[in-house]
Amino acid sequence: MRTLVWILRALLFFTLFAFALNNSHEAVVHWFFGHEWRAPQVIIVLLAFGFGAAFGVLAMVPAWWRHRRAAQRAEPSPDTPAPVPESPATPFAAHQDGV
């Protein structure tokens, strides 16, 4: 199984490496007010991916904090005793109405 995982990782690496080599020509990003940025196309694509991933993670942080606070409130603190389970009722306890 580990061999398969390493083969998949190597395949992914070489695929991305080939992508980078095939897209190394210069591209221009036009900003506002006439500013432009020239860089290899692969750098622009990878930066766009990185910023998108970072934005997605930062957008999830408030929800993670809410879930973490809810989980901390739900679990009992170490100094409170654990609830004692009730003893099981006798099998005919519900039917002891005199019948």
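Just a yes or no: is a residue in segment 75-89 of a type outside the set (Ser, Thr, Tyr), modelled with pLDDT under 90, in a helix (DSSP H, G or I) and at negative phi? I'd like the intermediate steps shown before the answer.
Step one: of segment 75-89, the residues of a type outside the set (Ser, Thr, Tyr) are 75-76, 78-79, 81-86, 88-89.
Still in the running and modelled with pLDDT under 90: 75-76, 78-79, 81-86, 88-89.
If we keep only those that are in a helix (DSSP H, G or I) as well, we get none.
No, segment 75-89 has no match at all.
For segment 30-50, residues that are part of a helix (DSSP H, G or I), over 27 Å from the mean Cα position of the chain (by Cα) and surrounded by 10 or more Cβ atoms within 10 Å (Cβ to Cβ) total 1.
In the set ALA27, ALA59, ALA53, ALA18, only one residue is assigned to a strand (DSSP E or B) and either under 20 Å from the mean Cα position of the chain (by Cα) or of a type in the set (Gly, Ala, Ser) (or both); that residue is ALA27.
The values are calculated or read from the model by the stated rules, or taken from the named source; none is laboratory data. From a predicted model like this one, the values you see are computed outputs, not experimental measurements. Backbone-built Cβ (ideal geometry, glycine too); neighbour counts: all protein chains shown.
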